[in-house]
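*Asks:* Handing you this structure, nothing more for now.
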Amino acid sequence: MNWRTETPYTNEEPPQEESPQINYKTTNQPNTETLQLQVTTERDFFQHDTAHNLWSMIKLQAMDTGYSFGTRERIPVDFVVVIDTSASMNQNQKLVGVLATLEYMVEILKEWDRFSLVQFNDQAKTLIDLQYMTPDNKIKVRNVLQSIQARGNTNLSDGLFTALDILDAQWKIEDSPINDYRLSRVLLLTDGLANRGLSQTTMLKRLHSRQLPDRLTIHCFGYGEDHSSQVLQAIGFSTPGGLYYFVEGPQSIAGTFGECLAGTFSTIAYAIRLEFEAFDGCRLIKFSTKYPCHTLTLMKHYDLWLGSMYEQEQINILVRLSLRNLSQPNHHSLFRVGLTYVSALDRRCYSQNRLIKVYRGSSSEARRMGIELSIHPEVEKQLNRVLSAETIDEATLLAAQKEYEKACNLLKSTISRIKASKTADDPYCQDLVEDLTQCLSLLANPDKFIQSGVHQACQLSTMYYQERSVGVAVTTPRHDVNYGYCTPTQLSEKMRASEMVTNYMSNYTSGYDE
């Protein structure tokens, strides 16, 4: 039984873009919906004279339209790259790898993209103001990159907020409507713990209190063993779709960066928002997601900011509902979910709406109709995903407090729960068990966990929370052919970046090694 109904979407023509600095042309693709919205409740029948808690799953699927990395008409992007130039970056050619990768990045940017570079050690310094990547400006950027040296300490907060100030100055320019059609990305790269500037707790509080636009996403890259993966993850999660990448060694820098860029360049929709409005007898009590959620009316009305989606990407949002009992059987309207977004194909605003209903009847009616009162398998799979991510984070916190036995028991309990679920044999859930088992093996060696295991665990939880690739290394055969969430576009660019960056390494001296 499926009681869900749909209302037609509507379009609105946005203002025309104007930029005196670039000859920016829009795509000639036909108007089309690039996102599809589906809603699935854990089941469609509930007893009317009993209160219930249940899960509903909202699925967004981005279409495969051929609008991908390398397409000339893709949406422009403002990049502010923030690099750690403290003394520790001299070791193992970390800074060499970063600078060579940035030179490759600048080379593939289009003239309508803008780029800024901030370095931080004892304090932050803007090396390159935000500017269009014309051929002349690319030469200037390369000259700056080849002059950078590493020294001093690590003032992470100064680097981060300097980057946000650069973008904030652009967002406040009222006579630049093109800003409405640009993505903003902060790419933060560090190899160490902050030992100058704001404390980690103060920095995160200040970040969360800041008004940030939904077109901004922060991606954080942690190199080596000495950074705080939890802090970098929290910085990323403060923006829609933000990620934490663990870069274990210099050989992984280019590929990881290339994968991240390819995702941004294959953006198919942006300014994505979901609006939830609960009706009489229904309350919205929990959103199991890391996307920013804004309360309009407590338990009744919420906005979720999803930022942007890549081509072929999928996002699943789980919503926990509370239903009160009804006096008699009825088709119960639970809530409305509205989707709005701008298509990167034609710069038009699209919307879709779904009205979610279930049938509230009697238990005898359910038996007579042969209705199976079990959870929908797709909802259960997503519950297993969120449970895995939450368990990894909780186990990591326990391990940080040296509660290794409790952390291991928690992981074992979640593994048992997934194995006992009806979707246990699904390849996706089998890979969840594999990753939880990997975390268990990392915790078996406390010294190894403190060095790199905590970063690997944080990388896995990031991947499952955001349903995006974060460069997780696949060391054993996987059950799900789509394991890791890496789109074909990201995979090809990851390989290309790894090959091409070696051509730029010779531009940087070997003097960075100690």
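The values are calculated or read from the model by the stated rules, or taken from the named source; none is laboratory data. What you see is a predicted model; the values in this text were computed from it and never measured. Positions of Cβ are backbone-derived with ideal geometry, glycine not excepted, and every protein chain shown enters the neighbour counts.
*Asks:* Restricted to segment 243-287, and to residues that are small (Gly, Ala, Ser) and within 27 Å of Arg336 (Cα to Cα), which residue is surrounded by the most Cβ atoms within 10 Å (Cβ to Cβ)?
*Replies:* Ala269
*Asks:* For Ser388, indicate whether it is surrounded by 14 or more Cβ atoms within 10 Å (Cβ to Cβ), under 29 Å from Asp303 (Cα atoms) and among the small types (Gly, Ala, Ser).
*Replies:* The answer is yes for Ser388.
*Asks:* Further question on the same structure: In segment 191-207, what count of residues is obtained for those that are in a helix (DSSP H, G or I) and either crowded, with 20+ Cβ neighbours inside 10 Å or modelled with pLDDT under 90 (or both)?
*Replies:* Number satisfying all stated conditions: 1.
*Asks:* Looking at Arg348, Arg324, which is the one that is over 26 Å from Ser238 (Cβ atoms), surrounded by fewer than 19 Cβ atoms within 10 Å (Cβ to Cβ), charged (D, E, K, R) and modelled with pLDDT under 95?
*Replies:* Within the list Arg348, Arg324, the selection yields Arg348.
*Asks:* If only one of Glu73, Glu6, Glu18, Glu33 is surrounded by fewer than 19 Cβ atoms within 10 Å (Cβ to Cβ), in a strand (DSSP E or B) and modelled with pLDDT under 90, which one is it?
*Replies:* From the options Glu73, Glu6, Glu18, Glu33, the qualifying one is Glu6.
*Asks:* Quick one: in segment 135-172, of everything that is in a loop (DSSP other than H, G, I, E, B) and hydrophobic (A, V, I, L, M, F, W, C), which residue is modelled with the lowest pLDDT?
*Replies:* Ranking the qualifying residues of segment 135-172, first place goes to Ala150.
*Asks:* I would also like to ask the following. Quick one: which of Met463, Met500, Met505 is aliphatic (A, V, I, L, M), surrounded by 14 or more Cβ atoms within 10 Å (Cβ to Cβ) and at pLDDT below 85?
*Replies:* Sole residue among the options that is aliphatic (A, V, I, L, M), surrounded by 14 or more Cβ atoms within 10 Å (Cβ to Cβ) and at pLDDT below 85: Met505.
*Asks:* Tell me, please, whether a residue that is aromatic (Phe, Trp, Tyr) and over 29 Å from Tyr291 (Cα atoms) can be found in segment 441-457.
*Replies:* no
*Asks:* Taking only segment 440-472 into account, find how many residues are touching a Leu at 6+ places or on another chain (Cβ under 6 Å), among the hydrophobic types (A, V, I, L, M, F, W, C) and either part of a helix (DSSP H, G or I) or without any contact (Cβ under 8 Å) to a residue 24 or more places away in the chain (or both).
*Replies:* Adding up the residues that qualify gives 2.
*Asks:* Still on this model: Just one of the numbered conditions (1) crowded, with 20+ Cβ neighbours inside 10 Å; (2) farther than 23 Å from Thr289 by Cβ; (3) not hydrophobic (A, V, I, L, M, F, W, C) is not true of Ser374; which one?
*Replies:* Of (1) crowded, with 20+ Cβ neighbours inside 10 Å; (2) farther than 23 Å from Thr289 by Cβ; (3) not hydrophobic (A, V, I, L, M, F, W, C), only one is false for Ser374: (1).
To keep it simple, each residue is scored yes or no on (1) among the polar types (S, T, N, Q); (2) modelled with pLDDT of 95 or more; (3) not assigned by TED's automatic domain parsing to the domain that holds Tyr223.
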site	(1), (2), (3)
Glu365	no, no, yes
Thr391	yes, yes, yes
Ile418	no, yes, yes
Ala444	no, no, yes
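*Asks:* If you don't mind, another one. Show the residue pairs that are 6+ apart or on different chains and have beta-carbon atoms under 6 Å apart, the first residue being within segment 246-265 and more than 17 Å from Gly484 (Cα to Cα) and touching a residue at least 24 places away in the same chain (Cβ under 8 Å), the second being of a type in the set (D, E, K, R) and part of a helix (DSSP H, G or I).
*Replies:* Pairs that qualify, where the first residue is more than 17 Å from Gly484 (Cα to Cα) and touching a residue at least 24 places away in the same chain (Cβ under 8 Å) and the partner is of a type in the set (D, E, K, R) and part of a helix (DSSP H, G or I), are Pro250/Lys94.
*Asks:* Among the numbered conditions (1) outside the structural domain of Lys402 (by TED's automatic domain parsing); (2) surrounded by fewer than 17 Cβ atoms within 10 Å (Cβ to Cβ); (3) under 30 Å from Ser308 (Cβ atoms); (4) of a type outside the set (Ser, Thr, Tyr), tell me where Pro477 comes up short.
*Replies:* Exception for Pro477: condition (3).
*Asks:* Being surrounded by fewer than 18 Cβ atoms within 10 Å (Cβ to Cβ), more than 30 Å from Met63 (Cα to Cα), at pLDDT 85 or above and of a type outside the set (Gly, Ala, Ser): is that true of Thr437 here?
*Replies:* For Thr437, the condition - surrounded by fewer than 18 Cβ atoms within 10 Å (Cβ to Cβ), more than 30 Å from Met63 (Cα to Cα), at pLDDT 85 or above and of a type outside the set (Gly, Ala, Ser) - is met.
*Asks:* So how many residues does segment 353-363 have that are surrounded by 21 or more Cβ atoms within 10 Å (Cβ to Cβ) and under 22 Å from Met299 (Cα atoms)?
*Replies:* Just the residues of segment 353-363 that are surrounded by 21 or more Cβ atoms within 10 Å (Cβ to Cβ), to begin with: 356, 358, 360-361.
Narrowing further to those that are under 22 Å from Met299 (Cα atoms): 356, 358, 360.
Residues meeting the conditions: 3.
*Asks:* Considering only segment 136-157, I want to know if a residue exists there that is exposed (fewer than 14 other Cβ atoms within 10 Å of the Cβ), without any contact (Cβ under 8 Å) to a residue 40 or more places away in the chain, touching a strand residue (DSSP E or B) at 6+ places or on another chain (Cβ under 9 Å) and aliphatic (A, V, I, L, M).
*Replies:* no
*Asks:* On to the next question. Out of all the residues in segment 251-268, is one or more at pLDDT 95 or above, part of a strand (DSSP E or B) and either of a type in the set (S, T, N, Q) or not assigned by TED's automatic domain parsing to the domain that holds Ala62 (or both)?
*Replies:* Within segment 251-268, none of the residues are at pLDDT 95 or above, part of a strand (DSSP E or B) and either of a type in the set (S, T, N, Q) or not assigned by TED's automatic domain parsing to the domain that holds Ala62 (or both).
*Asks:* Got a number for residues in segment 391-404 being out of contact with any Ser or Thr (no Cβ under 7 Å at 6 or more places or on another chain), over 18 Å from His227 (Cβ atoms), crowded, with 16+ Cβ neighbours inside 10 Å and not aromatic (Phe, Trp, Tyr)? Give the derivation first.
*Replies:* Let us first name the residues in segment 391-404 that are out of contact with any Ser or Thr (no Cβ under 7 Å at 6 or more places or on another chain), namely 394-404.
Filter once more, so that each one left must be over 18 Å from His227 (Cβ atoms): 394-395, 398, 401-404.
This time we only want the ones that are crowded, with 16+ Cβ neighbours inside 10 Å, so: 394-395, 398, 404.
Filter once more, keeping what is not aromatic (Phe, Trp, Tyr): 394-395, 398.
So the count comes out to 3.
*Asks:* Let me ask another. Exposed (fewer than 15 other Cβ atoms within 10 Å of the Cβ), in contact with a Phe, Trp or Tyr (Cβ under 8 Å, 6 or more places away or on another chain) and in contact (Cβ under 8 Å) with a residue 60 or more places away in the chain: does that describe Leu383?
*Replies:* Spelling it out, it is not the case that Leu383 is exposed (fewer than 15 other Cβ atoms within 10 Å of the Cβ), in contact with a Phe, Trp or Tyr (Cβ under 8 Å, 6 or more places away or on another chain) and in contact (Cβ under 8 Å) with a residue 60 or more places away in the chain.
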